[in-house]
Every structure is written in C-alpha cells, then in structure tokens.
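Have a look at the structure below, then the notes.
The values are calculated or read from the model by the stated rules, or taken from the named source; none is laboratory data. The structure presented is a predicted model; accordingly, all values stated were derived computationally and were not measured. Here Cβ is always computed from backbone atoms with ideal geometry, including for glycine, and neighbour counts include all displayed protein chains.
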Amino acid sequence: MRILVLVKAVPDTYGDRTVSLETGLADRPQDALVLDEIDERALEVALRAADADPEVEVVALAMAPAVAQSSLRKALAMGAARAVQVVDEALVGADLMLTAEVLAAAARRVGFDAVLAGDSSTDGGGGAVPAAMAELLAVPCATALREVELAPEGVAGVRASDAAAVRIEAPLPAVVSVTEALPAPRMPNFKGIMAAKKKEIEVLSLADLGIDAEAPDVARSIMIAVRERPPRAAGVKIVDAGDAGERLAEFLVENRLA
C-alpha cells in the first residue's frame, strides 16, 4: 500500500509573519520555513501504518518552491521513504483550486492507495484542498478526522462536531484529512536525519504534469489589490450610570451586531 502525505513548508508559527505589499503574498524567507505542524500529524498516521506493515510505502508530496527542499528533508528524517516536490515559477501565488489540481495530478502520476493531509494549513487556512483533490481524483474523501485507522481494505475514523462524534468509513483509494486532535508526531532521530540526506526527492514541473497554470478556460482567483491592515481603533467604553443596558443595545444595533 502506498500512502501519499501532503506536506507544506510554511513560515514558522513562532515567528512574525509579514505580507509583501508588492505581491500580496506572505514573505517566506528560507531560514524561517518549517513543515506545517498539522501535516506532521498526518505523516505520523502514515508512519504508524508503515511501522505495522512493511509493505506500506510512505511518500511525502509537496507543492513548494525550491528553497523549501531543506524543510522537506524533515519528512524524510521522520521516516518517509521518499518525497515528491512540484516546483514551478508559475505556481507563485496559486489559489486553492490550482493547488488541488497540481497535487491531484502529482498523486495520479505517483500512484496512491491513500492520500493523507492536515485539514487546514496554518498559513492559508483555506481547508479546501483535500476535498477538491478527492473530487478531481474521483475518490471518497474523509475530512477532519480526530481518529484514523488505515488498512488495505479501507479507512475508518471519527469526526467530531459540536453536536456529536461521527464514525466514518470509506474504501481505498481515498483522501483523508486530519485535525490537531491526533497524537503529536515523532521526532526525527539521528539515524533518520542522516538517512534523509540520501533519500530521493523527485522534482516535477507543471510540464511534467501536463498543467497550464494560466489556461484561459479554467477559473482562477486573482488578487486585485493589497493594503496594510489598518490600525485598531479604540473601543467604546460604557460606564454604567443606570442606562448601560440601553446604551449597549444601541451600540449593537448601530453596528449591526444585533
């Protein structure tokens, strides 16, 4: 069984994040890129399946700039057998649908029995790529799972909501996304770090995948303007002089909050 794990190199969550006013994109200095924590949890699910069955191959799949390759080595150090990276200048600023299209094409080229991913990246937070990939690949999609069980015949897990916990099952091949409720991922050991230096990272371009990022007949979202976030204005302070309730109600109505 081959499990593809989507991994993303994102700005370190412990550092300051800035947006370029020229491009509208987040600044991503090479020395501040790390693997997304939620994707590490998805990788842990795949690695546990590989620990239990030597026939399981874990492949890390990323759509990332060339400078992110050093970050992808962590996935290999944790235990992934190999990595596939899609690199192309035309993907700078790619929207969710183009990202899903590219990753789905790469998954189809590599071959898979299951695709695992975090339910939402920490930098973009769109949360739509796994479901969009499943649609493009025409396979079942089990999203936002807090528990996952992988087996050659299918995947099962639990999705929690405000009202209930729902058990979900689907046959393979399938796309699965997980939440941060899963156990923390393992730390790479020295042996894994050394082995990662020799493991393969296959680099693909859009031409390899047969995708035109600027195809005129495909819907894409574009950025038309960008500006700095305005400074926060001082709030309204209401001192109770016997009419605080009325003043609060007036404030909520005035600001269309009620």
Could you check, for segment 25-42, whether at least one of its residues is more than 21 Å from Ala100 (Cβ to Cβ), in a helix (DSSP H, G or I) and either at pLDDT 95 or above or hydrophobic (A, V, I, L, M, F, W, C) (or both)? yes
Restricting the first residue to segment 178-205 and requiring it to be over 30 Å from Val155 (Cα atoms), which pairs with a second residue that is part of a loop (DSSP other than H, G, I, E, B) and charged (D, E, K, R) meet a Cβ separation below 9 Å and a spacing of at least six or different chains? Ser205/Asp88
Restricting attention to segment 85-100, and to residues there that are among the aliphatic types (A, V, I, L, M) and crowded, with 21+ Cβ neighbours inside 10 Å, which single residue is nearest to Lys8 (Cα to Cα)? Val86
Hey, among the residues in segment 149-169 that are in contact (Cβ under 8 Å) with a residue 24 or more places away in the chain and buried (at least 17 other Cβ atoms within 10 Å of the Cβ), which one's nearest to Glu44 (Cα to Cα)? Leu150
Within segment 94-119, residues small (Gly, Ala, Ser) and out of contact with any Asp or Glu (no Cβ under 6 Å at 6 or more places or on another chain) come out as Ala94, Ala100, Ala104, Ala105, Ala106, Ala107, Gly111, Ala114, Ala117
Considering only residues that are of a type outside the set (Val, Ile, Thr), touching a residue at least 12 places away in the same chain (Cβ under 8 Å) and under 27 Å from Gln69 (Cα atoms), which ones fall in segment 208-220? Asp208, Leu209, Gly210, Ala213, Glu214, Arg220
Considering only segment 130-186, state which residues are out of contact with any Leu (no Cβ under 8 Å at 6 or more places or on another chain), closer than 17 Å to Arg2 by Cβ and part of a helix (DSSP H, G or I). Ala134, Leu137
Residues that are more than 11 Å from the chain's Cα centre (by Cα), among the β-branched types (Val, Ile, Thr) and closer than 22 Å to Val45 by Cβ, drawn from segment 90-135: Val110, Val115
Given (1) of a type in the set (Gly, Ala, Ser); (2) closer than 17 Å to Leu182 by Cα; (3) touching a helix residue (DSSP H, G or I) at 6+ places or on another chain (Cβ under 9 Å), Ser71 misses just (2)
Among the residues of segment 131-146, are any surrounded by 17 or more Cβ atoms within 10 Å (Cβ to Cβ), touching a Ser or Thr at 6+ places or on another chain (Cβ under 6 Å) and at positive phi? yes
Kindly indicate the residue of segment 226-258 that is in contact (Cβ under 8 Å) with a residue 12 or more places away in the chain and under 30 Å from Leu96 (Cα atoms) and also surrounded by the most Cβ atoms within 10 Å (Cβ to Cβ) among those meeting that condition. Val226
Single residue of segment 85-101 satisfying the filter (part of a helix (DSSP H, G or I) and either among the acidic types (Asp, Glu) or at pLDDT 95 or above (or both)) that is farthest from Ser120 (Cα to Cα): Glu89
